[in-house]
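Worksheet: one structure, shown below.
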Protein chains: 2
Amino acid sequence: MKAAVLYSGGKDSSLMAVILSRLGYQVELLTANFGVFHSWKPATESASKLGLKHQILKANPKILEETVEIILNDRFPNKAINHMHHKVLYLAAQNYNLVADGTRRDDRVPKLKLNEIQSLEDTERVQYLNLAGWGHRTINQLSEKLFKIKKEPTSMENNSDYEIEIRYLMGQKEGENVASKLFPPHIQSRVIGWREDE
Amino acid sequence: MKAAVLYSGGKDSSLMAVILSRLGYQVELLTANFGVFHSWKPATESASKLGLKHQILKANPKILEETVEIILNDRFPNKAINHMHHKVLYLAAQNYNLVADGTRRDDRVPKLKLNEIQSLEDTERVQYLNLAGWGHRTINQLSEKLFKIKKEPTSMENNSDYEIEIRYLMGQKEGENVASKLFPPHIQSRVIGWREDE
């Protein structure tokens, strides 16, 4: 049984990959890319360190354009990032019977509502999984146990979140200041390998 | 790291136990009992076949009394079963730092709301996990792969759900007819061991 996991190189999607892999799925990690910036690189590196198969999921640049337009209209990224995540899930569902992501119980975005999950599963004949039953405390504790983790301020080169290409395109269109206001800097965790005892 | 899983011997709670066990937790299965009927027996048998540690979680018979009263008042079991599940979770949280159950995305009952999970975790300093990110299709597929499963009509002797002691006490108080109407017969799945190739 194959399973695709939408993958950023962070703790949540890495943990989802480990769970599915230990249940016997052949896990393939997918990082969406919209063709404007090489934002997949950190995810590729994390996947390689974990010994998991990784692919770039090439998505239509129009989705990125739409996403940036929604953000510039809303002056707030949540709706736009959900829009992008939906499009990416439907794209992944074309090639896999099971598509998972690392969305946690306490995540606000991206997040699918129950009726949206039902639509995705029914129209695409796919199973969708996430970590909605798991909170950040458990995920942090498990990640510390399983993974070597690097914590650092986000930059354009050290993470593979949707944010990166959005910022890149927004910076080109509206200038770096606009992008920085909408996506303030924060500390992020990146998986850089297994803990030795794992 | 120890983890308690509220355990009925069914697919969902068995899968939760396997996930936690494969992530490195020392899993202890708990089946609540309120002292009126030996409803833990099927769960004990399933746990033993899986080679997992199992204990009876002795709960106050008053909780069962309250639960039966709520059902007789509502003429519908959902609110009462949620009440019982809450009490059992708080009881389990007294002895474990992590308490899980097999509640799925598509379960209606028992089900904790997000604010109820937050209260449980904060007041009891416990981590609570469930399978809210997983749908029945994935759980069925995985269970078929992992477990030997027996499907049969529910009886008083072949499952360890909350229903059993509720029915028993209700039958004593109101007669078997009332209990049968509120809990119509259905086909249930019981885990009776590992698949040979696991």
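The values are calculated or read from the model by the stated rules, or taken from the named source; none is laboratory data. Values in this document were obtained by computation on a predicted structure and should not be read as measured data. Cβ coordinates were reconstructed from backbone atoms using ideal geometry, including for glycine residues, and neighbour counts include every protein chain displayed. The protein model used for the area step is the full one, side chains on, heavy atoms only, and it has no ligands, DNA or RNA in it. Shrake-Rupley method; radii C 1.70, N 1.55, O 1.52, S 1.80 Å.
I'd like the mean, over residues of B:74-86, of how many other protein chain beta carbons sit within 10 Å of each residue's own Cβ.
Values: counts 0, 0, 0, 0, 0, 0, 0, 0, 0, 0, 0, 0, 0.
Partner Cβ neighbours, averaged per residue: 0.
Interface residues of the stretch B:15-60, defined as those with an accessible-area decrease of at least 50 Å² between the chain by itself and the complete set of protein chains (probe 1.4 Å), are B:Arg22, B:Leu23. Relative to one another, the C-alpha centroids of the stretch A:155-187 and the stretch B:123-147 are positioned 36 Å apart. Along the Cα-to-C-beta direction of A:Asp107, a point sits 7 Å from the Cα; which residues of the stretch A:58-96 have their amide N less than 17 Å from that point? Taking a point 7 Å out along Cα→Cβ of A:Asp107, the residues of the stretch A:58-96 whose backbone N falls under 17 Å are A:77-93.
Using helices alone, what [θ] at 222 nm do you get for chain B, with -39,500 (n - 2.57) per DSSP H run of 4 or more residues, divided over all residues and rounded to the nearest 500?
Numbers: 8 runs with 94 residues, N = 198.
So the calculated ellipticity at 222 nm is -14500 deg cm²/dmol.
As a test of reading the structure, rank B:Lys111, B:Lys41 by solvent-accessible area (1.4 Å probe, protein chains only), most first. It would help to have the intermediate numbers written out before the result.
Working: B:Lys111 65, B:Lys41 110 Å².
Ranking B:Lys111, B:Lys41 by accessible area, largest first, yields B:Lys41, B:Lys111.
Would you please classify the overall shape of chain A from the alpha carbon gyration tensor, given that a ≥ b ≥ c denote the square roots of the eigenvalues, rounded means a/c under 1.5, and beyond that prolate means a/b larger than b/c while oblate covers the rest? Verdict is oblate for chain A. In this calculation the C-beta distance from A:Gln26 to A:Asn177 is compared with R0 = 45 Å, giving a FRET efficiency of 0.50. With Cα atoms as the point set, the stretch A:30-87 shows a radius of gyration and Dmax of 13.2, 41 Å.
Give the Debye-formula value of log10 I(q)/I(0) at each listed q (0.17, 0.22 Å⁻¹), with one equal scatterer per alpha carbon of the stretch A:1-63, two decimals each. Log10 of I(q)/I(0), two decimals: -0.53, -0.82.
Working from label points 7 Å from Cα in the Cα-to-Cβ sense, the B:Asn140 to A:His136 distance is 3.7 nm. Averaging the sequence gap over all C-alpha pairs within less than 8 Å and six or more residues apart, then dividing by the number of residues, gives the stretch A:1-85 a relative contact order of 25 percent. Among the trypsin sites (Lys or Arg not before Pro) in the stretch A:35-106, those located in a DSSP loop and surrounded by at most 15 other Cβ atoms within 10 Å of their own Cβ are A:Arg75. The simple spin-label model puts a point 7 Å past each Cα toward its Cβ; for A:Tyr90 and A:Asn60 those points are separated by 0.8 nm.
Starting from the eigenvalues of the Cα gyration tensor, five times each then square-rooted, give me the equivalent ellipsoid semi-axes of the stretch A:111-198, largest first, whole Å. Intermediate values should be presented prior to the final figure.
Values: eigenvalues 149, 126, 26 Å².
So the equivalent ellipsoid measures 27, 25, 11 Å along its semi-axes.
With bins 10 Å wide beginning at 0, the percent of Cα pairs of the protein assembly as shown falling in each bin runs 5, 21, 29, 23, 13, 7, 2, 0.
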